[in-house]
Amino acid sequence: MDYIIEMNGITKKFPGVIANDHITLQLKKGEIHALLGENGAGKSTLMSVLFGLYQPESGVILKEGNAVKINGPNDATRLGIGMVHQHFKLVHNFTVLENIVLGVETVKHGLLSMEEAREKVVALSRTYGLEIDPDAPVSDITVGMQQRTEILKMLYRENEILIFDEPTAVLTPQEIAELMKIMKNLKEQGKSILFITHKLNEILAVADRCTVLRKGKGVGTIEVAGATKEGLSEMMVGRKVSLEMAKSDIDPGAVVLDVRELTVKNKITGKNLVCNVSFSVREGEIVCVAGIDGNGQSELVYALTGLLRAENGQVFLRGKDITRATVRERGNRGMAHIPEDRHKHGLVLDYSIAYNMVLQHYFEPAFQRHGFINYGAVYAYAAGLIEKYDVRCGQGVKTAARSMSGGNQQKAIIAREAEREHKLLVAVQPTRGLDVGAIEYIHERLLEERGKGKGILLISLELEEVFSISDRILVIYEGQIVADLDPKSVTYQELGLYMAGSKRKEGAS
Amino acid sequence: MNEIKQRGLWGLLGFSSALSSFAAIAVGLLFGFFLLLIANATDAAAGFRTLITSGFSDLKSMGQVLYFATPIIMTGLSVGFAGKTGLFNIGATGQFTVGAYCAVFVGVRFSFLPGLTLCLAALLAAMLAGAIWGSIPGLLKAWLNVNEVISCIMMNYIGMYLVNYLVIQTIYNHRHNASMNVLSNANVPRLGLDRIFRDGNIVSSANGGIFIAILAAIAMYVILEKTTLGYELKACGLNKNAAQYAGISAKRGIVTAMVISGALAGLGGALLYLSGAGKNIDVVDVLAQEGFNGIPVALLALNNPIGIIFSGLFIGYMTVGGFNMQLYNFSPQVVNMIVAVIIYFSAFALLVKGFIQKLGQREKQSGKEAGGE
């Protein structure tokens with residue numbers, strides 16, 4: 001038997017849903033096995049079963065042919081199963097070395113003895129080509145190195161089965177290439193890798209085989225050699241998906257948004273979060289601000305949308321200075337905003353979907369009279385949007401926003417913002433955490449907006465998204481716009497260099 | 001069938017919410033019984049029976065329940081309203097006290113106002129004073145980001161000492177070390193309640209204040225559920241960031257919520273001292289208990305305005321029972337302890353609520369599955 005781990009016929013039910021329905025996943029020794037599926041397809045549940053966090057109703061787990069019972073993460077560790085989580089589990093004020101040994105420290109006479117550990121870590125990092133600085137505090141190192149630290153944590157515990165949960169979401173193109181190399185390296189050293197993702201390119205680049213889940217069921221396991229992106233996405237979504245957006249040529253019209261030398265300071269540290277940024281967005285144009293997370297994108301958007309006071313500079317919306325305008329004034333002047341964090345800003349989760357649909361409209365004459373809300377009108381309006389934008393919600397307009405899936409929450413926000421009278425749409429990571437089907441839908445909507453002659457400012461961390469729909473790319477690095485690029489004439493690699501700050505275009509502000 | 005059930009009172013309260021509050025009350029009472037056993041085992045059963053039943057024992061006691069419930073319903077509404085908008089108004093006591101003073105001051109000094117207008121003026125003065133007192137922590141929070149709990153507590157003490165000072169300066173009755181009696185037409189009309197709720201010749205202190213409290217609860221319900229103001233305030237309370245994102249001024253929301261909350265507490269102060277029960281503002285350095293009792297009243301009702309009427313009545317009922325327990329040599333403090341336990345468990349009410357809802361879902365689920373198969 002050459003399977004190192006087999007999960008046979010796993011079924012896990014939750015009230016109302018069958019999260020895993022007789023799923024079989026067989027991991028060969030020394031292979032990279034991709035686990036592909038939309039959000040809610042059952043990937044996380046399956047991994048939680050493997051880690052003993054859930055007990056399946058039926059099905060067995062075999063380790064090298066022998067049935068095992070996994071009652072918790074400790075059992076999983078004992079079986080040599082390790083995981084790099086999407087959100088790293090590191091102690092930020094500890095050094096890399098301290099993080100790696102945390103929980104399995106070498107102790108002599110009740111005192112820590114780090115030397116032994118250090119030798120082992122250094123040896124491991126050399127063997128697998130995982131470049132780290134063992135004494136750097138985690139708070140100071142790059143995301144890439146944090147990830148390598150996580151990988152070393154697994155290796156230090158001598159795990160044989162390594163699970164990577166959406167490992168590329170936080171990385172630059174260069175770091176992704178690096179990670180792919182590391183994964184292949186690990187494979188050559190005999191480790192078995194389970195790679196959870198919904199990025200098709202990466203599967204084609206590194207995986208040997210791929211198991212696809214859809215709506216809790218296993219669709220099948222295929223050899224990656226000979227597979228295509230289109231084939232994989234069709235397996236995942238269950239229908240044909242157009243990956244390339246058909247984009248018509250539009251001549252951009254008048255300037256909608258004009259930003260001049262905008263500076264935003266951190267109130268406490270006085271550091272410039274956005275520094276002297278100037279750009280403009282015109283009608284019928286999708287301008288994308290690309291960059292690695294945390295380079296001032298959020299603050300830029302907050303300043304544009306009125307959630308944060310700009311220190312310096314000016315913002316013009318359709319020719320009018322709105323630098324000091326309130327959120328509502330900006331809205332009335334034609335700004336719509338799909339926020340970065342749909343839970344923090346986008347929705348009042350404990351309000352019904354109908355209440356959320358009128359979050360910026362409830363005070364308009366159509367929805368209230370003498371201060372009393374006309375619920376009939378609100379519900380009718382919301383029902384219209386739900387229908388038009390195909391928002392799926394269990395109990396209709398009275399569904400609590402909290403109970404809806406992430407994709408449908410996002411659809412609801414898009415419906416609300418697209419239906420507002422607007423000239424400019426600020427969309428911040430509108431596809432974050434969504435699956436292929438939903439992403440396609442949202443990109444179509446954005447292009448539709450563009451077709452209607454709206455100006456769109458898109459903030460994105462996903463390079464594929466940047467390339468597939470934008471008309472112009474602005475690269476933001478440490479609060480500054482370091483390049484203004486044409487997506488047709490720039491490569492992924494080049495863009496990656498700008499994003500990492502190692503390249504900078506002369507003449508850019 | 002189901003729909004009819006949902007539309008009734010249970011629907012208004014939220015059935016699982018009410019059930020969880022009842023569970024908290026039951027556990028609290030059980031614990032109270034143990035307390036009585038420890039204190040005095042032989043009389044525990046009789047004392048407990050008194051606690052449970054004496055509020056209903058005769059019409060006079062029932063009248064007293066209404067009388068005790070009135071001010072704490074008001075402070076409960078005050079705390080509950082703030083709670084719905086994400087604020088913890090622990091300053092209801094201070095707002096209650098300044099409201100009480102202004103009401104009594106008007107009731108004593110504004111003799112030029114004829115008949116009912118004096119009472120109305122006193123009530124309005126109390127609301128205004130409470131609103132001003134509540135607005136200060138609101139302004140501090142909105143503009144300077146001062147935690148409302150801290151500023152409210154400070155305002156409680158400032159209010160108490162200020163009122164003591166003002167009572168002595170303006171409306172002092174030396175013999176009783178308390179405020180002077182208000183003019184009789186300053187009192188809230190009894191509306192014949194005292195004649196209904198009586199025991200032979202002994203009348204209760206029941207008065208029209210209870211109706212004002214109920215009206216206030218209904219008004220709060222309407223504001224929160226039916227108006228744009230309520231929509232805004234609740235949005236601020238549930239998700240301040242989303243409110244800001246949508247262009248709702250969170251600052252204005254905070255101040256408005258505290259003003260309304262303070263006015264409710266201030267009105268409570270007026271209703272207690274204008275009850276015609278001969279109660280005066282004592283010049284003592286103690287924060288008014290009615291203000292703090294608003295917190296458990298609101299908690300027990302999970303901030304639901306209609307629920308607050310009932311939880312206020314319940315706490316009033318327990319107060320009367322505790323009073324009568326003195327017959328068996330139990331100190332009324334035992335009641336305070338029992339109420340404390342109930343409150344303690346009502347903090348778990350939310351937990352219990354979640355549990356009940358889950359249970360309900362599971363039942364529905366199994367029902368569906370059984371039906372499907």
| query | What do you reckon, is A:Asp140 of a type outside the set (S, T, N, Q), farther than 19 Å from A:Gln26 by Cα, modelled with pLDDT of 90 or more and assigned by TED's automatic domain parsing to the domain that holds A:Met7? | reply | no
If we take the range B:154-252, then helices (runs of 4 or more DSSP H) inside it with 1 or more residues that are within 14 Å of another protein chain (Cβ to nearest Cβ) and surrounded by 20 or more Cβ atoms within 10 Å (Cβ to Cβ) are B:209-226, B:228-238, B:240-245
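Okay, residues lined up against (1) assigned by TED's automatic domain parsing to the domain that holds A:Val466; (2) out of contact with any helix residue (DSSP H, G or I) (no Cβ under 8 Å at 6 or more places or on another chain):
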| position | (1), (2) |
| --- | --- |
| A:Arg392 | no, no |
| A:Gly407 | no, no |
| A:Gln410 | no, no |
| A:Val426 | yes, no |
| A:Leu434 | yes, no |
| A:Gly437 | yes, no |
| A:Glu444 | yes, yes |
Selection over the range B:253-293 where residues are closer than 30 Å to A:Val301 by Cα and either within 14 Å of chain A (Cβ to nearest Cβ) or under 16 Å from the mean Cα position of the chain (by Cα) (or both) yields a count of 2
Contact list, first residue from the range B:152-180 and more than 12 Å from B:Val283 (Cα to Cα) and touching a residue at least 60 places away in the same chain (Cβ under 8 Å), second anywhere and crowded, with 16+ Cβ neighbours inside 10 Å and among the hydroxyl-bearing types (Ser, Thr, Tyr), beta-carbon distance below 7 Å, six or more apart or interchain, is B:Asn156/B:Thr93; B:Gly159/B:Thr97
Those residues of the range A:316-328 which are on the phi < 0 side of the Ramachandran plot, in contact with a helix residue (DSSP H, G or I) (Cβ under 8 Å, 6 or more places away or on another chain) and part of a loop (DSSP other than H, G, I, E, B) amount to A:Ile322, A:Ala325
Screening A:Gly313, A:Gly284 for residues that are in contact with a Lys or Arg (Cβ under 9 Å, 6 or more places away or on another chain) and assigned to a loop (DSSP other than H, G, I, E, B) leaves only A:Gly284
Of the residues in the range A:91-127, those that are assigned to a helix (DSSP H, G or I) and over 13 Å from A:Glu150 (Cα atoms) come to A:Met114, A:Glu115, A:Glu116, A:Ala117, A:Arg118, A:Glu119, A:Lys120, A:Val122, A:Ala123, A:Arg126, A:Thr127
Counting only helices (runs of 4 or more DSSP H) entirely within the range B:1-72, those with at least 1 residues that are at pLDDT 80 or above are B:15-39, B:41-57
Regarding A:Ala377, is this residue away from chain B (no Cβ under 11 Å) and not in a helix (DSSP H, G or I)? no
Is it the case that A:Pro137 is buried (at least 17 other Cβ atoms within 10 Å of the Cβ) and touching a residue at least 24 places away in the same chain (Cβ under 8 Å)? no
Taking the conditions exactly as written (over 21 Å from A:Arg450 (Cβ atoms) and either modelled with pLDDT under 90 or within 27 Å of the chain's Cα centre (by Cα) (or both)), does A:Ala303 satisfy them or not? yes
A careful count of residues in the range B:73-126 that are among the polar types (S, T, N, Q), surrounded by fewer than 24 Cβ atoms within 10 Å (Cβ to Cβ) and assigned to a helix (DSSP H, G or I) gives 1
Of the conditions (1) in the same structural domain as A:Gly296 (by TED's automatic domain parsing); (2) under 22 Å from B:Lys234 (Cα atoms); (3) surrounded by 20 or more Cβ atoms within 10 Å (Cβ to Cβ); (4) not small (Gly, Ala, Ser), the single one that A:Arg342 does not satisfy is (1)
Legend entry - Selection status of B:Ala206, among the aliphatic types (A, V, I, L, M) and at pLDDT 95 or above: no
(1) in contact with a Gly (Cβ under 6 Å, 6 or more places away or on another chain); (2) on the phi < 0 side of the Ramachandran plot; (3) assigned to a loop (DSSP other than H, G, I, E, B) all hold for A:Leu308 apart from (1)
Counting only residues in the range A:322-359 that are at the interface with another protein chain (Cβ under 9 Å from one of its Cβ atoms) and among the small types (Gly, Ala, Ser), the one nearest to A:Arg432 (Cα to Cα) is identified as A:Gly346
Only one of B:Val146, B:Val163 is of a type outside the set (Phe, Trp, Tyr), closer than 16 Å to B:Lys279 by Cα and touching a helix residue (DSSP H, G or I) at 6+ places or on another chain (Cβ under 9 Å), namely B:Val163
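The values are calculated or read from the model by the stated rules, or taken from the named source; none is laboratory data. Please read all numbers here as calculations on a predicted model, not as lab measurements. Quick reminder, even Gly has a Cβ in these numbers, built from the backbone with ideal geometry, and neighbours come from all protein chains shown.
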